[in-house]
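S.K.: The structure is given below, and queries will be raised subsequently.
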Amino acid sequence: KETGEKYIEILQKQRLEFEALLASRLREQEDALTRQANAALQSKENGIQSLLKANAEAQEAEHKADLESTEARLNAELAAKYETAYNDQLAQAKTQFVKELEEKTNTIAQLAEKLKNMEAAFAGFKSFEVGSVQAHKLSAAALAFSEKLETDKPAGRELQLLKNAAGDNEVIVSAVSTVPASIVKGIPTLSELQTRFETVYKKSRQAALVPDGRATLGGQLVGMAFSTVKYAPEPDDAAPADAADENEYILVRARKLVQLGELERAIEQLEKLKGQPAFTSRDWTLDAKDRVAAEKAAKVIKMECAIVNDSFANDATI
């Protein structure tokens, strides 16, 4: 038993260290993503503005220079040439200018399309950034809830923060809804339940050994005497065919399962109890059910957080 408890303590310590390391890495990743996003957004915005301004100024200057040069050249030539030649050359100049203007217009349209694509990419990146921050908040809330759940302290505040961070995540919302209401006052830990069960086992066995029809003080004293002088069966002993579901054998099997930390299977055994032993173990069974339900919910929440963070990590590498 002592070795099992030490092993459980080592596992709990390792899990706490792992969760602390995970929280630290999540915070580092959040800070790095935020800085990268801000730098990338500022760089893109500066580049777009510079590109648009430079192109507009260059095109305007080029158009103006082309027009002035063409008009000056035609005026000089028309002064010494025939009126018809002047008209022909002017028409050709206008045609060429229109052609060049169309080319420039097409270039501007292409730049406008690129700008539109950049704005769409920016919007997508912004959406990713917001989702990433939300995922980190969810992970932090889930970690705080899990850490508090490892104790018998009230975790109502942590549960509410987790609800707020879940948003429209249906998996988290559903898992949170299965957390028992007793979380607000605290749920006994596995080790506490194991310690308590020794007392519950003793009292329930005494109740099981009370002779039928003697649920009086005298009968209880008889049960206490029997429990002292009568050896309890071993968990691995084969129960007689007509006594497999007797209270004493049920209690022995449940005790072994509790010692192994298999609360859910132990609860299944205790629910087979009848009479006074069932009443004696009722409060412990209710607490054990709450612990099992809370642990299941926490497991689902952790898995969903891992999936969400993995999804954003994959998106960030694309």
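S.K.: Write out, first by first residue and then by second, each pair whose Cβ atoms fall under 9 Å of each other, whose residues are 6+ apart or on separate chains, and whose first residue, in segment 150-168, is at positive phi while the second is buried (at least 16 other Cβ atoms within 10 Å of the Cβ) and not small (Gly, Ala, Ser).
M.R.: Within 9 Å, the pairs are 167/134; 167/138.
S.K.: Of all residues being aliphatic (A, V, I, L, M) and surrounded by 12 or more Cβ atoms within 10 Å (Cβ to Cβ) in segment 32-61, which is modelled with the highest pLDDT? Just the residue, please.
M.R.: 33
S.K.: Quick check, is residue 24 at pLDDT 85 or above, farther than 20 Å from residue 103 by Cβ and open to solvent by less than 90 Å² (accessible area, probe 1.4 Å)?
M.R.: Taking the combined requirement at face value, the residue satisfies it.
S.K.: Only one of these conditions is not met by residue 313: (1) part of a helix (DSSP H, G or I); (2) surrounded by 17 or more Cβ atoms within 10 Å (Cβ to Cβ); (3) modelled with pLDDT under 90. Which number is it?
M.R.: (2)
S.K.: Exactly one condition in (1) surrounded by 14 or more Cβ atoms within 10 Å (Cβ to Cβ); (2) touching an Asp or Glu at 6+ places or on another chain (Cβ under 8 Å); (3) at pLDDT below 80 is not met by residue 85; state its number.
M.R.: All conditions are met except number (1).
S.K.: Something else: Out of segment 98-131, which residues are open to solvent by less than 70 Å² (accessible area, probe 1.4 Å) and at pLDDT below 65?
M.R.: 120, 121, 123, 124, 125, 128, 129, 131
S.K.: If I go through segment 144-163 residue by residue, how many of them are open to solvent by 20 Å² or more (accessible area, probe 1.4 Å) and assigned to a helix (DSSP H, G or I)?
M.R.: Adding up the residues that qualify gives 9.
S.K.: Condition test on residue 141, is it modelled with pLDDT under 80 and small (Gly, Ala, Ser)?
M.R.: In short, no.
The values are calculated or read from the model by the stated rules, or taken from the named source; none is laboratory data. The shown structure was predicted, so the numbers you read here are calculated from the model rather than taken from an experiment. As a convention, Cβ positions derive from the backbone with ideal geometry for all residues, glycine included, and neighbour counts pool all protein chains shown. To get the accessible areas, we keep the full protein, side chains included, count just its heavy atoms, and leave off ligands, DNA and RNA. Shrake-Rupley method; radii C 1.70, N 1.55, O 1.52, S 1.80 Å.
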